[in-house]
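Below is one structure, written out as structure tokens; comments come after it.
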Amino acid sequence: QVQVVESGGGLVQPGGSLRLSCTASGSTFRINVAGWYRQAPGKQREFVATISAGGGTNYGDSVKARFTVSIDNAKNTVYLQMNSLKPEDTAVYYCNVRDLLSETYWGQGTQVTVSS
């Protein structure tokens, strides 16, 4: 059984920073591609960023130049460094991981609130 656990969310003031972590655990599961998505109340889930095990990245337009996704393959962990946070970044952030067999799993989400 694969478990995906996100952490690092919280309350931060506008202009502040947070770093989210996403760790996938399972006897043989290895992250091939991981993605971050977010969902604000009353809105559809939105793409934030993806990263491959090789380090290739892609970002949503609303977070480019402010967010950075990275991966530690040895720890099977993906990170999302979020800088210059805005109130509109407030959402539940979800991690999605996929292995080479395209087995896909979601985490439970972590709340990020940007407010003064």
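Across q = 0.10, 0.15, 0.16, 0.25 Å⁻¹, the range 1-87 modelled as identical point scatterers on its alpha-carbon atoms has Debye log10 I(q)/I(0) values of -0.26, -0.58, -0.65, -1.36, in the order of the q list.
Scanning the chain for trypsin sites (Lys or Arg not before Pro) that sit in a DSSP loop and have at most 15 other Cβ atoms within 10 Å, the longest stretch containing none of them is 76-116.
Overall, the accessible surface of the chain at a probe of 1.4 angstrom is composed of carbon and sulfur to the extent of 47 percent.
Among V48, V92, V78, the largest mean-square fluctuation in a Gaussian network model of the chain, built with springs joining Cα atoms closer than 10 Å, belongs to V92.
Below 8 Å, C-alpha to C-alpha, sequence gap of six or more: please give me the relative contact order for the chain in percent. Computed over the chain, the figure is 36 percent. Considering the range 1-50, its Cα convex hull presents a mean projected area of 4.8 nm². Relative to its residue count, the range 39-108 spans a Cα convex hull of 105 Å³ per residue.
Taken per residue, the accessible surface of the chain reaches 53 Å², heavy atoms only and a 1.4 Å probe.
The values are calculated or read from the model by the stated rules, or taken from the named source; none is laboratory data. All values reported here derive from a predicted model rather than from experimental measurement. We place every Cβ from the backbone using ideal geometry, glycine too, and count neighbours over all the protein chains shown. Protein only, heavy atoms only, side chains kept; ligands, DNA and RNA dropped before computing areas. Shrake-Rupley method; radii C 1.70, N 1.55, O 1.52, S 1.80 Å.
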